[in-house]
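Step one of this worksheet: look at the structure below.
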Amino acid sequence: MDHHCPWINICCGHLNHAKFTYFLFFAPIGCMHATFILIASTYRALYRPYYMYYGTGHEPLVELGLYGFLICMFALGLAIGVIIAVGMLLCIQVRSMIRNETGIESWIKDKAFYRARGPEEPEEFIYPYNVGRWKNLRQVITWSGIPVSDGVNWEVRDGCDQYTLTVEQIKQKEDKKDRSIAYAIREAYSGSILPVTKGCKVCCCVPFSDEPRIPTEIGDKVLVTRWKRHWLYGEKVTTSDKLKGKNRIRGWFPRRCAVEVICDNGMFPHDTKKDA
């Protein structure tokens with residue numbers, strides 16, 4: 001899956017990536033056609049008296065009232081907006097196909113180049129699915145619209161296998177957990193999207209994300225991995241086996257509700273990491 005598109009109300013991924021790209025291509029083409037017609041028609045309407053008195057009599061005449069003119073201007077603005085916005089999305093999708101990577105894979109690849117590598121790892125990360133621009137395009141763009149791969153097994157570069165990117169992602173998550181900082185909750189938080197009791201700055205600077213908010217109680221411990229000025233993202237520390245694994249409690253909470261936990265030696269609490 002590459003992303004969820006709210007405009008067509010469906011996720012764009014392996015099976016419909018080509019059709020989604022066709023949609024992004026033909027939508028601006030149709031709007032460009034509408035733009036030319038609207039501009040020509042409006043021009044004829046504005047200069048209608050000129051064509052009536054000085055024309056040859058064979059020119060098509062267009063008559064627009066005030067409301068018709070306003071509607072044409074509104075439609076022209078929408079058409080130009082779609083050309084710009086959807087055209088930019090088309091460029092992003094074409095670049096994605098040329099590189100043979102989704103948005104998530106792009107994030108993993110970018111972080112892989114800056115991650116400190118262990119002695120048993122290759123010196124440089126090789127993205128496994130980039131087999132050349134032309135081959136990358138041919139895997140998505142086909143006459144039938146059905147991609148070449150089955151969505152599970154992919155053609156990869158020499159020296160890589162089907163799990164190269166998965167292993168890299170797991171190592172990045174391990175590094176992320178090692179960099180996490182323990183925070184202790186000092187103010188309760190209900191998990192509200194707009195916590196008005198936490199101040200205007202907290203309400204006005206909420207994270208623009210569909211990730212959940214986690215309710216907290218005084219005394220809770222949270223492993224924080226992401227920071228914003230007024231919000232923190234982390235995972236609740238729990239000793240219950242039922243809440244480990246897939247049922248981990250992760251999300252955003254106001255920064256003012258927590259205080260960083262620092263041991264005497266300045267290191268991350270070992271027992272907290274072990275519980276996480």
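The values are calculated or read from the model by the stated rules, or taken from the named source; none is laboratory data. Given the structure is predicted, the values throughout are model-derived calculations rather than measurements. When we count neighbours, we look across all protein chains shown, and the Cβ atoms used for this are built from the backbone with ideal geometry, even at glycine. Side chains included, ligands, DNA and RNA excluded: accessible areas come from the protein's heavy atoms. Shrake-Rupley method; radii C 1.70, N 1.55, O 1.52, S 1.80 Å.
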Handout entry: helices (runs of 4 or more DSSP H) wholly inside segment 22-125 containing at least 1 residues that are of a type in the set (S, T, Y) and under 27 Å from G151 (Cα atoms)
Key = 66-99, 103-112
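Look at D175 and say whether it is within 30 Å of L223 (Cα to Cα) and among the charged types (D, E, K, R).
Numbers: within 30 Å of L223 (Cα to Cα): yes; among the charged types (D, E, K, R): yes.
Criteria met by D175.
Conditions tested, residue by residue: (1) open to solvent by 70 Å² or more (accessible area, probe 1.4 Å); (2) in contact with a Lys or Arg (Cβ under 8 Å, 6 or more places away or on another chain).
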| site | (1), (2) |
| --- | --- |
| I146 | yes, no |
| G151 | no, no |
| Y183 | no, yes |
| L194 | yes, no |
| C205 | no, yes |
| F208 | yes, no |
| R250 | yes, yes |
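Scan segment 157-166 and tell me whether some residue there is aromatic (F, W, Y) and more than 30 Å from V224 (Cα to Cα). Write out each step before concluding.
In the first step, residues of segment 157-166 are kept if they are aromatic (F, W, Y); the result is 163.
If we keep only those that are more than 30 Å from V224 (Cα to Cα) as well, we get none.
No; the residues of segment 157-166 include none that is aromatic (F, W, Y) and more than 30 Å from V224 (Cα to Cα).
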Handout entry: Condition met for T21 (in contact (Cβ under 8 Å) with a residue 60 or more places away in the chain, surrounded by 13 or more Cβ atoms within 10 Å (Cβ to Cβ), β-branched (V, I, T) and within 22 Å of I80 (Cβ to Cβ))
Key = yes
Handout entry: Cβ-Cβ under 6 Å pairs, at least 6 apart or on other chains, segment 121-149 side touching a residue at least 40 places away in the same chain (Cβ under 8 Å), far side outside any loop (DSSP other than H, G, I, E, B) and open to solvent by 70 Å² or more (accessible area, probe 1.4 Å)
Key = G145/K19
Fill in the blank from the handout: Checking R99, R44, R48 in turn, the sole residue that is under 25 Å from the mean Cα position of the chain (by Cα) and basic (K, R) turns out to be R99
Handout entry: Residue match in segment 161-178 (condition: under 30 Å from G132 (Cα atoms), at pLDDT 85 or above, open to solvent by less than 70 Å² (accessible area, probe 1.4 Å) and not in a helix (DSSP H, G or I))
Key = yes
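Go through I83, I92 for me and flag whichever is closer than 30 Å to H33 by Cα and open to solvent by 50 Å² or more (accessible area, probe 1.4 Å).
Details: I83 fails: open to solvent by 50 Å² or more (accessible area, probe 1.4 Å).
Answer to the selection: I92.
Limited to segment 204-260, what total is found for residues that are of a type in the set (S, T, Y) and modelled with pLDDT under 85? Walk me through it before giving the result.
To start, the set of residues in segment 204-260 that are of a type in the set (S, T, Y) comprises 209, 216, 225, 233, 238-240.
In the following step, the residues that additionally are modelled with pLDDT under 85 were identified as 209, 238-240.
Total satisfying the criteria: 4.
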